[in-house]
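> The structure is given below, and queries will be raised subsequently.
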Amino acid sequence: LVSRKKKPEDTIVNVKGEHIGDGQTHFVMGPCAVESYEQVRQVAQAISQQGLTLLRGGAYKPRTSPYDFQGLGFEGLQILRKVADEFNLAVISEILNPNDLETALDYVDVIQIGARNMQNFDLLKAAGQVRKPVLLKRGLSATIEEFMYAAEYILAQGNSDIILCERGIRTYEKATRNTLDISAVPILKKETHLPVMVDVTHSTGRKDLLLPCAKAAIAIGADGVMAEVHPDPAVALSDSAQQMNIPEFNEFITALKKSAALV
Ligand code: PEP
Ligand code: MN
């Protein structure tokens, strides 16, 4: 079902009026983790001032260490919804557990399935049964074929509103946190009819690479770019090294708007 051979025309995912897959570049921006109402509000205000509408933020955080901040959980979803409604933004947030899915539907506009859960088949099936778009990230060590099969699990349950997200893969290279597999974008665009985004934050893990990698993503045909923004990254409870602060976010968006015909 994911194959372009089965459906030659592009799938366009409508997220509160942003049509992802329509040929424009869409931005999904926001903090790694929801930490407080005020933190999310500051980022949402900056997003809104740039004319963007898609707010991301993790309420349930899939952390490598059980001793690291695990997210605010349900309270995080409530904060996201409240702030998003104040600025008329859409909420994109990761769900880890199929049992949290139904509750989350009242708070999120897009369900994110993270890299660590790309092959959580119960979660994929559950996300396939809801009527909300799903942003599916590529697994840490997943091949493109495995990534497409993960999307197939969602589609096979009847949900075709899927956005694929390349977020870097594990290689021997240590200069970046993961290796951004930029050629996955045109391969996925060719093999599937689904929109494809690139997460420049988790793929690079380096602030100095966010802009060049976002430019590369747009140039190679990505439908959107995801990146993390925090009012004060130095004190962020997760991914503190690679989140942009608000002036950096403004420079990032301005530079991308200049370098391409966008939104
Ligand atoms: C995220 O986007 O918040 C995240 C945890 O990313 P990934 O699943 O790609 O590691
Ligand atoms: Mn993060």
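The values are calculated or read from the model by the stated rules, or taken from the named source; none is laboratory data. On a predicted model such as this, the values are computed, not experimentally measured, just so you know. All Cβ positions, even for glycine, are placed from backbone atoms using ideal geometry, and neighbour counts span all protein chains on display. Side chains included, ligands, DNA and RNA excluded: accessible areas come from the protein's heavy atoms. Shrake-Rupley method; radii C 1.70, N 1.55, O 1.52, S 1.80 Å.
> Residue by residue through segment 219-235, note down the ones that are surrounded by fewer than 24 Cβ atoms within 10 Å (Cβ to Cβ) and in contact with a helix residue (DSSP H, G or I) (Cβ under 7 Å, 6 or more places away or on another chain).
220, 221, 231 - these are the residues of segment 219-235 that are surrounded by fewer than 24 Cβ atoms within 10 Å (Cβ to Cβ) and in contact with a helix residue (DSSP H, G or I) (Cβ under 7 Å, 6 or more places away or on another chain).
> If a residue has to be more than 14 Å from the chain's Cα centre (by Cα) and within 10 Å of ligand 2 (Cβ to nearest atom) to count, how many in segment 195-240 make the cut?
Of the residues in segment 195-240, 6 are more than 14 Å from the chain's Cα centre (by Cα) and within 10 Å of ligand 2 (Cβ to nearest atom).
> So residue 192 passes all but one of these: (1) buried (at least 24 other Cβ atoms within 10 Å of the Cβ); (2) farther than 21 Å from residue 133 by Cα; (3) more than 16 Å from ligand 2 (Cβ to nearest atom). Which condition number does it fail?
(2)
> While we're here: Take residue 43 and tell me if it is in contact with a Cys (Cβ under 9 Å, 6 or more places away or on another chain) and either within 14 Å of ligand 1 (Cβ to nearest atom) or not hydroxyl-bearing (Ser, Thr, Tyr) (or both).
no
> Which of the residues that make up segment 126-163 are within 23 Å of residue 206 (Cβ to Cβ) and hydrophobic (A, V, I, L, M, F, W, C)?
Answer for segment 126-163, where residues must be within 23 Å of residue 206 (Cβ to Cβ) and hydrophobic (A, V, I, L, M, F, W, C): 135, 140, 142.
To keep it simple, each residue is scored yes or no on (1) more than 24 Å from residue 248 (Cα to Cα); (2) assigned to a loop (DSSP other than H, G, I, E, B).
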position: 160; (1), (2): yes, yes
position: 165; (1), (2): no, no
position: 175; (1), (2): no, yes
position: 189; (1), (2): yes, no
position: 201; (1), (2): no, no
position: 208; (1), (2): no, no
position: 227; (1), (2): no, no
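> Against the definition (within 30 Å of residue 1 (Cβ to Cβ), among the hydroxyl-bearing types (Ser, Thr, Tyr) and open to solvent by less than 10 Å² (accessible area, probe 1.4 Å)), how does residue 238 come out, yes or no?
No; evaluated as a whole, the condition is false for this residue.
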